[in-house]
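A quick write-up on the structure given underneath.
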Amino acid sequence: MHIPPKYNPQETEDKWYQYWLKNGFFHSVPDDREPYTIVIPPPNVTGVLHMGHMLNNTIQDILVRRARMQGRNACWVPGTDHASIATEARVVAKLKNEGIDKSKLSREEFLEHAWIWKEKHGGIILEQLKKLGASCDWERTAFTMDKGYSESVINVFIDLYKKGLIYRGVRMVNWDPQAKTAVSDEEVIYKELNSKLYYVRYPVEGEEQWVTIATTRPETILGDTAVSVNPDDKRFSHLHGKNVVVPMVNRVVPLITDGYVDTEFGTGALKITPAHDINDYEIGIRHNLEVIDIFNDDGTLNENAGIFVGMDRFKAREASIRKLTDEGYMVKIEDYINKVGFSERTDAAIEPRLSMQWFCRMHEMAGPALENVIKNKIRFHPVKFKNTYRHWMENIKDWCISRQLWWGHRIPAWYIGKSNDFVVANSGEEALQLAREKSGNESLGSGDLRQDEDVLDTWFSSWIWPIAVFDGIRNPENKDYRYYYPTDDLVTAPEILFFWVARMIMAGYEYPGEKPFKNVYLTGIVRDKLGRKMSKSLGNSPEPLELISKYGADGVRVGMLLCSPAGGDLLFDENLTEQGRNFSNKIWNAFRLVNSWETDVNIDQPAYSASATHWFGARLNEAIVRLDTLYAHYKLSEALMLIYKLFWDDFSSWYLEIIKPGYEKPLDRSTHESTLGFFDSLLRLLHPIMPFITEDLWQRLKPRGKGESIVVAAMPQAGPLEPKLLSDFNTMMGIVSSVRTIRAEKNIPHKEPLTLMVRTGGESALLPLSEVIVKLANLSEISETEIKPGNAVSFMAGTTEFFITLEDKIDVEAEIARIEKELKYARGFLDSVMKKLNNRRFVSSAPEKVIEMEKTKQADARSKIASLEERLNSLTGLKP
């Protein structure tokens with residue numbers, strides 16, 4: 001079989017991916033096997049592949065491919081999220097570039113543009129995942145606005161409303177003026193900013209005195225309806241019950257007392273703007289204050305402000321500062337550091353605002369979702385995130401689920417006439433029937449109803465993702481849902497632990513009454529070498545497809561895993577993907593080497609080859625057992641390193657070196673078959689991590705039948721463990737390495753045979769694997785001696801001393817210098833050990849095991865010193 005001299009990922013990857021798709025290896029239907037199910041965290045339909053996706057989907061693919069090879073019916077469901085805010089913003093921007101204003105379109109016209117955009121751009125990221133090797137069941141690809149999925153979302157809304165868990169009311173919300181919609185608390189990112197604290201004085205009505213307040217937002221003074229002080233603050237007790245005048249608008253408002261006011265902040269007096277601050281809103285409710293909303297949806301000032309109408313809020317701030325200064329109300333301005341909330345989606349500064357919205361009560365649903373995580377019925381990896389989850393669930397607030405957008409699931413509520421009275425229904429027809437019953441007016445027609453304009457928060461659709469992709473909301477008895485749910489593993493990022501993971505758990509226990517998944521694997525954030533989060537604005541995020549083109553998908557997958565501990569941030573370095581590519585080349589070249597050897601069925605297997613095949617079989621068994629443990633604990637990076645070293649060190653550097661036939665000599669048949677068997681096992685172990693090169697080489701190992709693939713080949717099973725054999729082999733490696741070191745130090749070519757002597761101390765020493773040592777170290781013989789031979793260099797392997805007789809091959813003076821240096825180090829080491837053992841406090845307080853370890857170090861150091869001194873004495877007599 002011709003094997004190209006170099007591995008070419010570009011030729012290999014597309015070929016095998018199409019082969020996998022053609023043969024349906026990724027498609028799953030219920031059968032009698034044990035299922036293994038993962039649902040992909042649906043990327044935004046607006047998205048393109050970034051480094052976070054690369055890490056997340058590499059991990060998912062490894063888990064799915066491994067489960068498939070373990071004989072489980074693996075099903076990885078892909079799909080995308082409609083992403084209300086992000087998608088609507090993209091479509092609005094596109095229309096703007098075409099000279100079309102959204103406000104001039106009807107809802108239906110806008111949605112037509114949105115669906116066209118979705119069909120054109122919505123599948124890009126899924127196609128990119130195929131380049132990574134993702135083995136998703138593409139026939140099951142879901143979208144959160146598919147007809148069936150949308151019906152599930154609406155059914156959940158209606159059900160929760162009927163249970164009293166969804167309600168409508170005026171509340172203080174986080175308003176995004178750029179997206180012109182409310183966002184949930186979890187979608188607000190707080191940033192520490194260098195701001196200003198403005199001290200402004202308010203005249204006391206009818207008196208020649210002032211009350212000074214401190215604020216970071218002077219433009220909101222226009223909405224003030226009170227000034228408050230702490231009732232226990234003696235500085236203001238003479239003003240209780242009086243009124244003050246709001247600067248700029250001359251509005252007379254009461255001076256009230258409330259225990260919320262912090263006497264230590266600012267001046268101790270607080271301006272109260274109930275419409276634009278959550279704490280002020282609560283104070284306003286307690287004191288029945290007027291609420292004056294001064295902002296439009298887009299963050300400009302409205303008619304209620306009285307001045308600066310139509311001006312952007314930040315321009316209005318500048319204008320307010322000038323006016324307050326000019327009119328003598330500004331006392332002083334100080335530098336001030338404060339935290340300001342920004343929209344996660346648009347990065348616009350959030351405006352606290354009173355708004356009529358729809359809310360979902362969370363406290364009742366949070367109970368079982370918290371209990372089952374605490375009791376480990378759902379396990380978090382790493383476990384440290386359990387405490388973060390607990391804190392959030394114990395302090396959960398009601399969820400604002402309405403968004404003032406058009407793209408998304410429209411809220412199924414219809415208002416009767418011009419009133420705020422409404423009904424919740426599955427359709428307009430059902431709504432009309434319910435409205436007639438509720439109002440008692442049988443003459444109502446469809447024209448008398450108007451559907452709520454808002455859509456549901458995107459997370460309200462994705463929180464039922466593991467259920468709805470199997471149609472478990474609409475048809476909970478269907479075959480797919482009963483077979484695949486609950487899913488096995490969820491792989492996602494910690495930053496959406498609350499947005500998504502917690503809510504999915506709540507939805508799972510609310511509907512099927514069952515956990516949505518058994519394990520949650522939380523990846524870290526992908527950062528650059530400097531620890532900065534990767535972003536386009538910083539220019540520190542490589543293009544994933546370019547990395548795949550340069551290093552191959554397998555190389556990139558290995559590179560991502562080399563720096564990704566579970567739950568820890570990933571410090572990405574492109575050199576690691578290069579290391580991944582180099583590993584691919586190592587595997588390729590090892591196969592080419594094995595394939596180049598001629599085989600002779602008529603020759604016997606050499607003893608060293610028999611020992612090598614026995615040892616590597618045992619080493620493989622040990623590795624398989626360890627791999628099972630690592631995968632069970634989601635230690636994928638450690639699993640990679642184990643296989644990496646198994647292939648690079650044990651198989652390539654040791655096993656192949658031992659069995660390698662002499663120049664132009666053949667390999668015996670038994671060793672050849674064992675070697676191909678080992679290669680087959682190694683490829684299977686590597687396949688979940690490196691799917692493309694392993695498929696290519698597995699197909700080349702021997703003739704395969706039509707439709708055969710490593711994708712569905714069985715994962716190797718561990719045979720008997722042989723610790724004694726493995727220990728003997730480690731000793732052998734130490735001996736060979738020492739001989740090679742001596743050759744290097746003495747400039748003795750490998751082709752020149754050496755004699756190795758073992759010091760026996762009067763008893764015959766059985767040296768295991770001597771036939772392997774002879775070959776690898778190129779020894780003419782191994783003999784025993786009770787005394788130190790002359791003109792020989794020594795080394796220790798464990799507690800056994802070995803000698804290499806050098807005759808005229810040694811530079812005596814250089815050897816003496818080396819031994820004296822080694823002696824100095826050994827004596828220093830012994831001194832450090834003796835200081836510990838002579839320290840009464842150490843001996844009396846240290847554990848017995850530690851004392852024994854130090855005593856062992858003492859004995860070993862003395863033995864080594866004695867050996868070195870003896871060697872030094874023998875060499876001294878040889879000096880010219």
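The values are calculated or read from the model by the stated rules, or taken from the named source; none is laboratory data. The model shown is predicted, which means the values in this text are computed figures rather than measured ones. Here the Cβ is made from the backbone with ideal geometry for all residues, glycine too, and neighbour counts use every protein chain on show. Please note that ligands, DNA and RNA were not included when accessible areas were found on the heavy atoms of the full protein model with its side chains. Shrake-Rupley method; radii C 1.70, N 1.55, O 1.52, S 1.80 Å.
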Counting only residues that are closer than 21 Å to residue 674 by Cα, open to solvent by 50 Å² or more (accessible area, probe 1.4 Å) and of a type outside the set (A, V, I, L, M, F, W, C), how many does the range 705-723 have? 4
Give the number of residues within the range 111-133 that are open to solvent by 10 Å² or more (accessible area, probe 1.4 Å) and either modelled with pLDDT of 95 or more or part of a helix (DSSP H, G or I) (or both). 16
Among the candidates 686, 667, which residue alone is at pLDDT 95 or above, in contact with a strand residue (DSSP E or B) (Cβ under 6 Å, 6 or more places away or on another chain) and open to solvent by less than 30 Å² (accessible area, probe 1.4 Å)? 667
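Residue-wise test of (1) without any contact (Cβ under 8 Å) to a residue 60 or more places away in the chain; (2) touching a Gly at 6+ places or on another chain (Cβ under 9 Å); (3) closer than 16 Å to residue 136 by Cβ; (4) among the hydroxyl-bearing types (Ser, Thr, Tyr).
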| site | (1), (2), (3), (4) |
| --- | --- |
| 6 | no, no, no, no |
| 11 | yes, no, no, no |
| 31 | yes, no, no, no |
| 39 | no, yes, yes, no |
| 79 | no, no, yes, no |
| 101 | yes, no, no, no |
| 107 | no, no, no, no |
Give me the pairs: first residue in the range 680-706 and more than 20 Å from residue 620 (Cα to Cα), second residue open to solvent by 30 Å² or more (accessible area, probe 1.4 Å) and of a type in the set (A, V, I, L, M), beta-carbon distance under 7 Å, and six or more apart or on different chains, which are they? 700/1
Among residues of the range 800-820 being open to solvent by less than 20 Å² (accessible area, probe 1.4 Å) and under 11 Å from residue 746 (Cβ atoms), the residue modelled with the highest pLDDT is 804
Unique residue being surrounded by fewer than 16 Cβ atoms within 10 Å (Cβ to Cβ), among the acidic types (Asp, Glu) and part of a helix (DSSP H, G or I) when the list is 108, 186: 108
Do you know which residues across the range 302-347 are more than 24 Å from residue 189 (Cα to Cα) and part of a strand (DSSP E or B)? 330, 331, 332, 333, 334
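Residue-wise test of (1) in contact (Cβ under 8 Å) with a residue 12 or more places away in the chain; (2) open to solvent by 40 Å² or more (accessible area, probe 1.4 Å).
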| site | (1), (2) |
| --- | --- |
| 384 | yes, yes |
| 397 | yes, yes |
| 400 | yes, no |
| 426 | yes, yes |
| 437 | no, yes |
| 454 | yes, no |
| 467 | yes, no |
| 473 | yes, no |
Residues located in the range 420-458, provided they are of a type in the set (Lys, Arg) and outside any strand (DSSP E or B): 436, 438
Selection from the range 212-244 of residues crowded, with 17+ Cβ neighbours inside 10 Å and part of a strand (DSSP E or B) yields 213, 214, 215, 226, 227, 228, 229, 243, 244
Could you run through the range 1-51 and say how many residues are open to solvent by 20 Å² or more (accessible area, probe 1.4 Å) and aliphatic (A, V, I, L, M)? 4
Condition check: over 21 Å from residue 235 (Cβ atoms), open to solvent by less than 40 Å² (accessible area, probe 1.4 Å) and among the polar types (S, T, N, Q). Does residue 267 satisfy that? no
If you check residue 509 against the conditions, is it surrounded by fewer than 18 Cβ atoms within 10 Å (Cβ to Cβ) and in contact (Cβ under 8 Å) with a residue 12 or more places away in the chain? no
Matching entry among 326, 312 (being without any contact (Cβ under 8 Å) to a residue 12 or more places away in the chain and of a type outside the set (Gly, Ala, Ser)): 326
